[in-house]
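Asks: Please see the structure below; I have some questions.
The values are calculated or read from the model by the stated rules, or taken from the named source; none is laboratory data. Predicted model, so just to flag it, every value in this text is computed and none were measured. No Cβ is skipped: glycine too gets one built from the backbone with ideal geometry, and neighbour counts run over all protein chains shown.
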Amino acid sequence: MNRLALLCLGQGLIAKRKYSIADQILGFAALVPLIFLVITPINAASAVVLSLDGFPPWDKAVLGLIAVALAGWGINAFNHFIDRKRDTIVWPDRVIPSGRVKASYALFLIIITLICSLLISYIFFNVVNFIILLIAITGGLLYSAFLRDKFGYLSLPPIVGLISLGGWVAFSPETLFNNILPWFLYLLHVFWQAGHIMIYYPLHIVAEKKGSDRIKVPPALFFAPSIKTAVCLGVIFVGLTFVLSLILPLLVSLNYIYYS
């Protein structure tokens, strides 16, 4: 049970000396934590429902969920690809540093999934949705490759918030700039992601290389906070998320599921 929980959180499978084909296939499935493949489409779907004040056609809903899941998978998998050397120290059981999945194969699948996501957006939805998805994917890739180390972990939340905007414009692109609600959802998503990042920030303070006594402290946003400061920032962002969650029912009618 404990191993399953770690797998869902992205800490990898049990490392082996040799992997069978089945092991490698399972590795591709476990490359991105399951929780991200569930939460990301739900965040987009909630914006869709609020933009329509109801539910979209089931066929479009399924296509949208697939597009978001593919984009989320590709972006998160690319982060694992970039972090493969660091993960030999932090999470050596992850599928790439453990050798379960070859880095080149992972990168190929990442490219395919991102292209498929963009094609679904362009063919079945609208240009505005495609542009926002393209910006989100580009931002997510740049975050892993450059922005995180150059500017800090908090450069990610503004990119993740685009999930809500993309969900909103999937069916209501004409209301993006004359309705406050999509931007409120964007801000809610940004605060939630920032809180998540800062609470888990101490886990990313690692040795510069395996066996080294020198510690690498990554920046949060142009500065490297202490563990106490990072957790305090996380609590503040979570608190802001809670406040916005209380305000949301004042802006739109929500049923009992939201309150529960």
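Asks: Taking only pairs six or more apart or across chains, which ones have beta-carbon atoms under 8 Å, a first residue in region 116-133 that is of a type in the set (Lys, Arg), and a second residue that is crowded, with 18+ Cβ neighbours inside 10 Å and not in a helix (DSSP H, G or I)?
Replies: none
Asks: So, in region 35-67, of the ones that are among the small types (Gly, Ala, Ser) and over 16 Å from Pro182 (Cα atoms), which residue ends up modelled with the lowest pLDDT?
Replies: Ala61
Asks: Just a yes or no: is a residue in region 134-155 in contact with a Lys or Arg (Cβ under 7 Å, 6 or more places away or on another chain) and farther than 30 Å from Tyr19 by Cα?
Replies: yes
Asks: Scan region 206-228 residue by residue and report those that are over 18 Å from Ser155 (Cβ atoms), at pLDDT 70 or above and either among the polar types (S, T, N, Q) or surrounded by 11 or more Cβ atoms within 10 Å (Cβ to Cβ) (or both).
Replies: Residues satisfying the conditions are Ser226, Ile227.
Asks: Now a separate question. Does region 5-13 contain any residue that is at pLDDT below 90, within 27 Å of Ile257 (Cα to Cα) and assigned to a helix (DSSP H, G or I)?
Replies: Yes, region 5-13 contains a residue that is at pLDDT below 90, within 27 Å of Ile257 (Cα to Cα) and assigned to a helix (DSSP H, G or I).
Asks: A further question on this structure: What is the number of the single condition among (1) outside any helix (DSSP H, G or I); (2) surrounded by 18 or more Cβ atoms within 10 Å (Cβ to Cβ) that Ala44 does not meet?
Replies: (1)
Asks: Being farther than 30 Å from Tyr201 by Cα, in contact with a helix residue (DSSP H, G or I) (Cβ under 8 Å, 6 or more places away or on another chain), surrounded by fewer than 19 Cβ atoms within 10 Å (Cβ to Cβ) and aliphatic (A, V, I, L, M) is the requirement here; does Leu50 meet it?
Replies: Considered against the rule, which asks whether it is farther than 30 Å from Tyr201 by Cα, in contact with a helix residue (DSSP H, G or I) (Cβ under 8 Å, 6 or more places away or on another chain), surrounded by fewer than 19 Cβ atoms within 10 Å (Cβ to Cβ) and aliphatic (A, V, I, L, M), Leu50 comes out as no.
Asks: I'd like the residue in region 144-159 that is touching a helix residue (DSSP H, G or I) at 6+ places or on another chain (Cβ under 7 Å) and touching a residue at least 40 places away in the same chain (Cβ under 8 Å) and, out of all such residues, is nearest to Leu233 (Cα to Cα).
Replies: Residue satisfying both the conditions and the ranking: Leu154.
Asks: Ok, one more. What do you reckon, is Ala136 of a type in the set (Gly, Ala, Ser) and over 11 Å from the mean Cα position of the chain (by Cα)?
Replies: Answer is no for this residue.
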